[in-house]
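Single-structure report; data block below.
FYI, it's all coordinate maths here, none of it is from the lab. Worth saying up front: this structure is predicted, and the values here are computed from it rather than measured.
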Amino acid sequence: MVVPRPGSGFRLGLIRSGHGGAEVGKMAWRGWAQRGWGCGQAWTLPVCGGSYEELTAALAPSRLLRRRFNFFIQQKCGFRKAPRKVEPRRSDTSSEAYKRSALIPPVEETAFYPSPYPIRTLVKPLFFTVGFTGCAFGSAAIWQYESLKSKVQSYFDGIKADWLDSIRPQKEGDFRKEINKWWNNLSDGQRTVTGIIAANVFVFCLWRVPSLQRTMIRYFTSNPASKVLCSPMLLSTFSHFSLFHMAANMYVLWSFSSSIVNILGQEQFMAVYLSAGVISTFVSYVCKVATGRYGPSLGASGAIMTVLAAVCTKIPEGRLAIIFLPMFTFTAGNALKAIIAMDTAGMILGWKFFDHAAHLGGALFGM
């Protein structure tokens, strides 16, 4: 008699002892097949005395084949690797700290990744700062020369216009006349900064357009970890996300506009203001690269600090006051010292509410 060994696969047990041995073969095969096959399904194979149909059914039972097929499918699925989850790229950890300030836009959808060679990121901003500053002061010199030429012509044109107004019938309640009267009552400095304030208000309105959020973050916020480095150095000077931030900056600019234009002139003031925005942003770039604290910055605070520092340096004995506390006054020289000390401490200690490096760079440039 040949019997199957456990775990050796499919074998036949043959009994050559007549019809009586068939039943013994059935019982022997039933026990060995149940233990050897390991599927939990016992079946018998009639060797002697069975029909062809019984042999075929024994060799290919449907339930056994289905159970064995499911066993292999289950085993294959058990070793299948789970699909990897694609995690979104996280932004720089330092930009998380900048999100705590209400003066900058939310940057959840925009991730900034600093360059592996941070010093190289300052090369293009350096050349842009030097080139833009030279072009600004060169253009201011040409503009100043042309203004001196036009003043002589405008003097005679003014005499002619006054003579025509005296003989021309006047319109009462004309809105355009009221606007011209208000405009003429402004000082030269106030008329100069009116265009700057209008530009800041326009950019502030653009921040409220949802479809422009990515464009505004890319071109109107300065960050050395961003792909665009040069143009935001100037455009971020006219960009404000918070209404309080814009109102405070524009109020200070309006308050010091007459003094700074009387000191520098209209043409030189525009060159100083635009150059101050670029220079203060470059100082901010250097500080962020040196400390590794990357994050977006925006606002006209750096350029306004230049205006404030220039006026306080020229008129150190002037009396200043805080808008919310008008009863407390102090000299312009002491105010400048306090501002420089506060921004220096903020830059060293890593305060995130303001861009203290940009403030300090603008103040030094103004001095």
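So the values come out like this:
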| item | result |
| --- | --- |
| J(HN,Hα) series, region 298-309, from Karplus relation 6.51 cos²θ - 1.76 cosθ + 1.60, nearest Hz, glycine and proline x | 7, x, 8, 5, x, 5, 5, 5, 5, 4, 5, 5 |
| Per principal axis, descending, Cα span of region 177-276 in whole Å | 44, 29, 21 |
| Cα shape, region 267-360, gyration tensor, a/c 1.5 rule | oblate |
| Extension gain, Trp143 back to Tyr251 (0.36 nm per residue minus Cα-Cα distance, nm) | 36.2 nm |
| Links that overshoot a 25 Å alpha carbon limit, given the list Lys227/Lys288; Lys151/Lys177; Lys151/Lys181; Lys227/Lys352; Lys151/Lys314 | Lys151/Lys314 |
| Rg/Rh for region 198-253, where both radii come from Cα atoms and Rh is the Kirkwood radius | 0.98 |
| Dimensionless Rg over Rh [region 279-334; C-alpha; Kirkwood] | 1.13 |
| Reduced Cα scattering model of region 254-315, Debye log10 I(q)/I(0), q = 0.15, 0.29, 0.30 Å⁻¹ | -0.50, -1.22, -1.27 |
